[in-house]
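Visitor: A single structure is presented below for examination.
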Amino acid sequence: MSKHNLAFKTLLVIAFCASVLFGCNSKPIDQNVEIINIGDSEPQYLSKIIENIEYVVLENPNKPFVQADKLFVFEEGIILADFWSNHTLLRYDHYGNFLNSIGHYGEGPGEYLQITDVDFDEINKNMIVISRNHLIKYDLEGNFSSEIQIRNRPYKFLKLDSDRYLFYFPEVLAPELRSGIDKAILYNYSPEEDSLEPILDPIFPEVLNYMGEKNNLFKMGETILFSLNFCDTIYFISENKISKKLFLDFGSSQNDLSKLYGIPILELVNKLNGDGFNNISTHSPHLFGNKRYLASAYRKNGVHFFVYDIKEKTPYVSSKLVNDVDGGLGFGIIKRMDEDYIYSFFEPEEILQHYEKNIDQLKDQDNNFTKLARQISRDDFLILAKYKLKK
């Protein structure tokens with residue numbers, strides 16, 4: 001064989017390998033990567049994964065406006081955390097009756113001026129708030145319990161066990177807030193040792209000047225779910241390392257991050273809100289899961305939530321979902337998942353508009369949704385929907 005023919009065949013082999021490795025859409029082929037085909041998903045019936053839906057009307061706690069940034073559901077009740085608009089935690093019983101607020105706004109001991117994130121300590125039954133460089137603990141009655149001063153200001157966190165936390169420091173956090181830590185974005189933190197152990201380095205190859213995650217960390221047994229805005233991959237972290245990845249394939253609307261790196265934040269926000277991004281899909285992590293299902297959200301002409309059936313390899317996208325369980329709306333704003341339920345929120349206006357629009361089909365039905373629509377008014381507070389999952 002001539003040297004020219006050998007060189008040519010070598011180039012063909014290299015080209016073939018490159019095409020296999022990267023593909024036209026740069027989709028991963030790592031054996032630990034599972035692809036979710038969101039862009040090509042078909043309309044689905046809700047009854048394939050949901051047995052029934054219960055609705056709980058939450059009592060208005062005399063707040064002018066409350067949004068559900070996080071939700072915690074446990075034996076002692078329900079806690080709705082609004083830390084972007086009202087900096088408050090609201091506790092309810094399982095029937096929607098308001099019980100008490102948790103925490104105290106102010107500058108004194110055990111008080112906060114802002115809340116960056118919040119988590120529920122299942123072992124000690126208390127709520128933990130990050131406010132600047134303090135971890136503040138409150139009991140479920142709303143009373144101050146204890147406080148830990150930390151050297152840095154984590155943006156998001158999880159309580160892992162009795163003596164460890166998981167901290168998330170965005171790469172683009174102000175330099176003074178990352179002072180004293182290295183380039184990693186995820187860390188194990190031990191208050192007793194006052195130590196930060198790096199777990200995960202930055203995801204993006206270049207700087208993307210954007211924050212805004214609300215639910216990009218979720219503890220699922222011993223596994224942590226993690227992702228970022230714009231990141232098309234959901235990471236499963238076990239024993240301080242990545243054990244699995246879920247790649248979100250949005251098809252022809254896949255986001256090209258190379259056009260966003262290094263853009264100043266105001267220019268980036270304007271770009272994202274411009275007409276050029278109307279038909280681009282960008283992951284907006286709202287991560288929740290259990291052994292069978294996983295949920296998150298993405299933006300494309302609005303916000304779309306999806307639930308992925310891990311066993312059947314099938315995504316259920318809110319905008320393509322047909323609610324054949326009770327004739328109501330599909331998934332609302334998903335804010336929690338456990339082994340038995342998906343929990344989401346609706347505004348009363350959404351419920352009533354859907355009922356009035358479909359009155360001919362719903363007027364003779366007697367189920368949880370129609371009972372709710374006939375019971376509530378537009379002046380009611382938030383509606384919590386509990387979707388019973390099929391096993």
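Visitor: Would you tally the residues in region 153-180 being at pLDDT 90 or above and of a type outside the set (D, E, K, R)?
Guide: Selection size over region 153-180: 13.
Visitor: Pick from Leu321, Leu268: which is hydrophobic (A, V, I, L, M, F, W, C), out of contact with any His (no Cβ under 8 Å at 6 or more places or on another chain) and over 25 Å from Leu389 (Cα atoms)?
Guide: Leu268
Visitor: One residue is enough: does region 147-159 have a residue meeting the conditions without any contact (Cβ under 8 Å) to a residue 60 or more places away in the chain, in contact with a helix residue (DSSP H, G or I) (Cβ under 7 Å, 6 or more places away or on another chain) and either surrounded by 20 or more Cβ atoms within 10 Å (Cβ to Cβ) or more than 24 Å from Glu59 (Cβ to Cβ) (or both)?
Guide: Yes, some residue in region 147-159 is without any contact (Cβ under 8 Å) to a residue 60 or more places away in the chain, in contact with a helix residue (DSSP H, G or I) (Cβ under 7 Å, 6 or more places away or on another chain) and either surrounded by 20 or more Cβ atoms within 10 Å (Cβ to Cβ) or more than 24 Å from Glu59 (Cβ to Cβ) (or both).
Visitor: OK, next. For region 188-237, name all the residues that are among the polar types (S, T, N, Q), closer than 15 Å to Phe288 by Cβ and assigned to a loop (DSSP other than H, G, I, E, B).
Guide: Asn216, Ser227 - these are the residues of region 188-237 that are among the polar types (S, T, N, Q), closer than 15 Å to Phe288 by Cβ and assigned to a loop (DSSP other than H, G, I, E, B).
Visitor: Which one is surrounded by the fewest Cβ atoms within 10 Å (Cβ to Cβ), of the residues in region 106-131 that are farther than 19 Å from Lys159 by Cβ and not small (Gly, Ala, Ser)?
Guide: Glu107
Visitor: Just checking, which of Phe236, Phe230, Phe169, Phe247 is more than 27 Å from Tyr112 (Cβ to Cβ) and in contact with a helix residue (DSSP H, G or I) (Cβ under 8 Å, 6 or more places away or on another chain)?
Guide: Residue meeting the stated conditions: Phe230.
Visitor: Here is a further query. Of all residues in region 121-153 being among the hydrophobic types (A, V, I, L, M, F, W, C) and outside any loop (DSSP other than H, G, I, E, B), which is farthest from the chain's Cα centre (by Cα)?
Guide: So, considering only residues that are among the hydrophobic types (A, V, I, L, M, F, W, C) and outside any loop (DSSP other than H, G, I, E, B), the one farthest from the chain's Cα centre (by Cα) is Phe144.
Visitor: Another one. Can you find a residue in region 59-74 that is farther than 28 Å from Tyr316 by Cβ, not aliphatic (A, V, I, L, M) and not in a loop (DSSP other than H, G, I, E, B)?
Guide: No, region 59-74 has no match at all.
The values are calculated or read from the model by the stated rules, or taken from the named source; none is laboratory data. These figures come from a predicted structure and were not determined experimentally. Every residue, glycine as well, gets a Cβ built from its backbone with ideal geometry; the counts of neighbours run over all protein chains shown.
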